[in-house]
Amino acid sequence: MWVFTSRGFISVVEDIHDESRLLVRARAEGTLERLFPRYKDEVFTDKQADYFYRLFIPRSKFLNFLIDELGNLHYTNFKNIIEDEDYHELCSTVWLEGFEYQERDKKQNGRTNDS
């Protein structure tokens, strides 16, 4: 699962050895510490992996994180609240790719803006 928050992007997968834990991964240094300050001492780096920055976290704690993120959602435009320029560019690129995907889907399925 990919999760884009106003403070960073993470990828989450099940721990291959323990289904009660998740492996939370980030591409930018400091993201995991920012999003999971309680676990900052457990963040590790694997420079051989696709996502360098990693953290194992109980599934229940990650669920609490998602609930907190949703509870603190008080904006009407996600991209406009992102302060980090590089991260804003990443999110804008994802938005554009999603828009283009929508347009291709609309064309393939014979939809118009009215239907």
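The values are calculated or read from the model by the stated rules, or taken from the named source; none is laboratory data. Only a predicted model underlies this, so the values are computations on that prediction, with no experimental measurement involved. We place every Cβ from the backbone using ideal geometry, glycine too, and count neighbours over all the protein chains shown.
Values as computed for the structure displayed
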{"quantity": "Of all residues making up the range 74-91, the number that are surrounded by 12 or more Cβ atoms within 10 Å (Cβ to Cβ) and not charged (D, E, K, R)", "calculated": "7"}
{"quantity": "Selection count, the range 34-53, where residues are under 19 Å from GLU14 (Cβ atoms) and out of contact with any Ser or Thr (no Cβ under 7 Å at 6 or more places or on another chain)", "calculated": "8"}
{"quantity": "Residues satisfying the stated conditions in the range 22-72, i.e. basic (Lys, Arg) and either surrounded by fewer than 16 Cβ atoms within 10 Å (Cβ to Cβ) or closer than 16 Å to ARG7 by Cα (or both)", "calculated": "ARG25, ARG27, ARG34, ARG38, LYS40, LYS47, ARG59, LYS61"}
{"quantity": "Unique residue being outside any loop (DSSP other than H, G, I, E, B), modelled with pLDDT of 95 or more and among the charged types (D, E, K, R) when the list is LYS107, LYS40", "calculated": "LYS40"}
{"quantity": "Of residues in the range 1-26 being free of Cβ contacts under 8 Å to residues at least 12 places away in the same chain and part of a loop (DSSP other than H, G, I, E, B), the one farthest from the chain's Cα centre (by Cα)", "calculated": "HIS17"}
{"quantity": "Failed item in (1) in a helix (DSSP H, G or I); (2) touching a strand residue (DSSP E or B) at 6+ places or on another chain (Cβ under 6 Å), with ILE57 passing the rest", "calculated": "(1)"}
